[in-house]
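J.: What follows is a single structure, and I will ask about it in a moment.
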Amino acid sequence: MKPIIYIIAGHSKSTPGATAYTGISEHTYTVELQSLVAKQIKDCETLQGTSMDVITEEQIFSNYQVRQMINTYATAGSRGIDIHFNNNNPSATGTEVVVSRNTSNENKLRAENIARRISVLLNIPHRKRVQSRGYMYPDETFVGALAILDETKIPMILVEVCFLNENDLKKYEANKKEVAKIIVEEMLK
């Protein structure tokens, strides 16, 4: 069985997430980036037999159902990324990644690389809760727990690409295909 790379749009129409300074919901941005990543993965010649599943809550899956699908169908070597954007806080900036405390060192490195590369590309800070590492754990987040990370059987990364404020979002919009490319390159390693 081929490993599967799960690309998850972190919000749905029914739970749209934060609202950008533009008035557009986080859901719109997560689904758009998910589509860009999926297209680049399908177009990638170095796929080496890896298949890819797009799980979008556009299909009205609950978080529980997404976790169940991942846990049921994931094969050896599978991994996933859950795409999010931070709120429209006008004074905040940066990108960050979250991984489970139980994840592999390989996945921690993948998460660090995603955040670092997005940070450099968009010229925004790489946000860290603990300066000695380039990722955080769910208990260090605002909500204190993230089921998508802690209750799936595969190495998962939750990425907060940038803030939905005027500063960060304009930089993202100008570079979104390159952000998708970073995610593809790191998830295929």
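J.: Here are some pairs, 13/171; 2/128; 2/171; 13/108; 39/171; which of them have Cα atoms lying more than 28 Å apart in this structure?
T.: 2/128; 2/171; 13/108
J.: Taking amide H atoms as placed 1.01 Å from N in the peptide plane, list the residues 5 or more away in sequence, or in a different chain, whose amide H sits under 5 Å from that of residue 85.
T.: Counting only residues 5 or more places away or on other chains, the set is 161.
J.: Determine ³J(HN,Hα), in whole Hz, for all residues of the stretch 163-174 in sequence, where each value follows from phi through the Karplus function 6.51 cos²θ - 1.76 cosθ + 1.60 and θ = phi - 60°; x replaces Gly and Pro.
T.: After applying 6.51 cos²θ - 1.76 cosθ + 1.60, I find 7, 8, 8, 4, 5, 5, 5, 4, 5, 4, 4, 6 Hz.
J.: Considering Cα pairs under 8 angstrom that are at least six residues apart, work out the relative contact order of the chain and quote it in whole percent.
T.: On the way: 366 pairs, mean separation 55.3, N = 189.
Taking the mean separation of contacting Cα pairs over the length of the chain, I get 29 percent.
J.: State the Cα centre-to-centre distance between the stretch 1-32 and the stretch 84-114 in whole Å.
T.: Cα centroid of the stretch 1-32 versus Cα centroid of the stretch 84-114: 15 Å apart.
J.: Right, something else. For the stretch 9-16, take each phi angle, set θ = phi - 60°, evaluate the Karplus expression 6.51 cos²θ - 1.76 cosθ + 1.60, and give the result in whole Hz per residue in order, putting x for glycine and proline.
T.: Running phi through 6.51 cos²θ - 1.76 cosθ + 1.60 with θ = phi - 60° gives 7, x, 9, 10, 4, 7, 10, x Hz.
J.: Hey, another quick one. Packing-wise, with mean Cβ within 10 Å as the measure, how do 149-156, 15-22, 126-133 rank, highest first? Intermediate values should be presented prior to the final figure.
T.: Details: 149-156: 19.9, 15-22: 16.2, 126-133: 12.6.
The peptides rank, most packed first, as 149-156, 15-22, 126-133.
J.: To continue, here is another question. Which value, in Å to one decimal place, does the Kirkwood hydrodynamic radius take for the stretch 60-115 when every pair of different Cα atoms is included?
T.: Hydrodynamic radius (Kirkwood, Cα pairs) of the stretch 60-115 is 13.7 Å.
J.: Between residue 19 and residue 65, what's the calculated FRET efficiency when r is the beta-carbon distance and R0 is 25 Å? Round to 0.05.
T.: Numbers: r = 25 Å, r/R0 = 1.00.
Efficiency, from the Cβ-Cβ distance: 0.50.
J.: Show me, for the stretch 124-139, the HN-Hα J-couplings you get by feeding each phi into the Karplus relation (A = 6.51, B = -1.76, C = 1.60, θ = phi - 60°), rounded to Hz, glycine and proline as x.
T.: 10, x, 8, 6, 9, 7, 10, 4, 6, 9, x, 9, 10, 9, x, 5
Where a number appears in this text, it was derived from the coordinates with a stated rule and is not lab data. Note that the structure is predicted; figures quoted are calculated from it, not measured. Virtual Cβ from ideal backbone geometry, glycine too; neighbours counted across all protein chains shown.
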